[in-house]
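The structure's right below; bear with me while I get my questions together.
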Ligand code: 7PJ
């Protein structure tokens with residue numbers, strides 16, 4: 001399972017880590033830390049050295065209640081960073097955006113995967129992804145970031161999320177994106193209560209058991225804060241536990257802020273999975 005990300009390979013034949021690179025002043029766990037291209041580049045190199053298989057660059061915070069970023073502002077944040085990274089990194093770069101214009105500009109600048117928390121539902125996004133000819137991650141979200149945590153509501157959360165993701169994947173395939181370029185993500189924390197997030201994790205094997213590899217983002221998320229009463233900076237041990245539990249249930253790509261620790265945790269899972277095959 002080798003994905004061609006604009007000339008660089010993402011090997012999902014075993015679980016891997018996607019390192020988070022937020023170039024925003026307001027992301028919930030690291031807003032402002034890596035806002036300049038120089039700091040962003042150094043952090044990306046550090047994450048690559050620590051085992052990240054791909055670096056996810058995002059210029060719009062999608063934390064609950066975040067304000068939307070205008071197109072030019074988002075381009076000004078992410079394009080210089082992608083340009084700086086693309087000649088210095090060996091691993092592929094992913095662009096975390098909902099905007100088709102940002103997708104096109106980011107791929108032209110060297111990014112190799114589109115990570116869209118809105119599952120390419122913006123007008124023109126599917127067409128942009130078809131034209132870019134790179135892998136796409138389709139994430140489930142109920143509502144939008146401004147209001148999604150107000151009153152999330154599901155019948156059966158696993159079934160609803162699975163049906164949504166498979167329907168979005170079908171739309172993408174009909175538009176010309178090959179199945180081999182599609183990843184799915186249940187979108188932990190995006191319009192979900194703690195109970196709904198736990199329900200999704202408990203049923204994750206159902207979501208992993210499709211034709212498409214599964215990405216999960218659990219790192220530092222507020223469900224940990226709500227379960228344990230911990231601040232963002234204190235959420236690493238629980239984030240690692242959640243990463244391991246997700247990989248045990250079939251997740252192939254784990255989006256994480258703390259790459260070194262997450263990759264260590266996943267390597268133990270991989271060793272165990274390999275031992276089980278022998
Ligand atoms: C996710 C994401 C996630 C994918 C964010 C945060 C909030 N992309 N972008 N999945 N979360 N695919 O970093 O916690 O869960 S932004």
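The values are calculated or read from the model by the stated rules, or taken from the named source; none is laboratory data. Everything numeric in this text was worked out from a predicted model, so none of it was measured. Heads up, the Cβs are rebuilt from the backbone with ideal geometry, glycines too, and the neighbour counts pull from every protein chain shown.
Would you point out which residue out of 106, 150, 129, 122 is without any contact (Cβ under 8 Å) to a residue 60 or more places away in the chain and within 29 Å of residue 49 (Cβ to Cβ)?
Working: 150 fails: within 29 Å of residue 49 (Cβ to Cβ); 129 fails: within 29 Å of residue 49 (Cβ to Cβ); 122 fails: within 29 Å of residue 49 (Cβ to Cβ).
Residue meeting the stated conditions: 106.
State which residue is surrounded by the fewest Cβ atoms within 10 Å (Cβ to Cβ) when the search covers only the stretch 48-69 and only residues that are more than 14 Å from the ligand (Cβ to nearest atom) and at pLDDT 95 or above.
My answer is 49.
Being loosely packed, with under 14 Cβ neighbours inside 10 Å and outside any loop (DSSP other than H, G, I, E, B) is the filter; apply it to the stretch 155-194 and report the residue that is farthest from the ligand (Cβ to nearest atom).
174
Also, quick follow-up: Take the residues in the stretch 251-261 that are over 15 Å from residue 188 (Cβ atoms) and touching a strand residue (DSSP E or B) at 6+ places or on another chain (Cβ under 7 Å), then tell me which one is surrounded by the most Cβ atoms within 10 Å (Cβ to Cβ).
Checking each candidate, the answer is 259.
In addition: Scan (1) surrounded by fewer than 23 Cβ atoms within 10 Å (Cβ to Cβ); (2) within 30 Å of residue 151 (Cα to Cα); (3) within 16 Å of the ligand (Cβ to nearest atom) for the single condition residue 5 breaks and write down its number.
The one condition residue 5 does not meet is (2).
Every residue in the stretch 201-250 that is in a loop (DSSP other than H, G, I, E, B) and within 14 Å of the ligand (Cβ to nearest atom), please.
Once the filter is applied, which keeps residues that are in a loop (DSSP other than H, G, I, E, B) and within 14 Å of the ligand (Cβ to nearest atom), the stretch 201-250 yields 212, 213, 218, 219, 220, 221, 235.
Going through 144, 116, 96, 76 one at a time, which residue ends up being more than 12 Å from the ligand (Cβ to nearest atom) and either over 17 Å from the mean Cα position of the chain (by Cα) or buried (at least 20 other Cβ atoms within 10 Å of the Cβ) (or both)?
76
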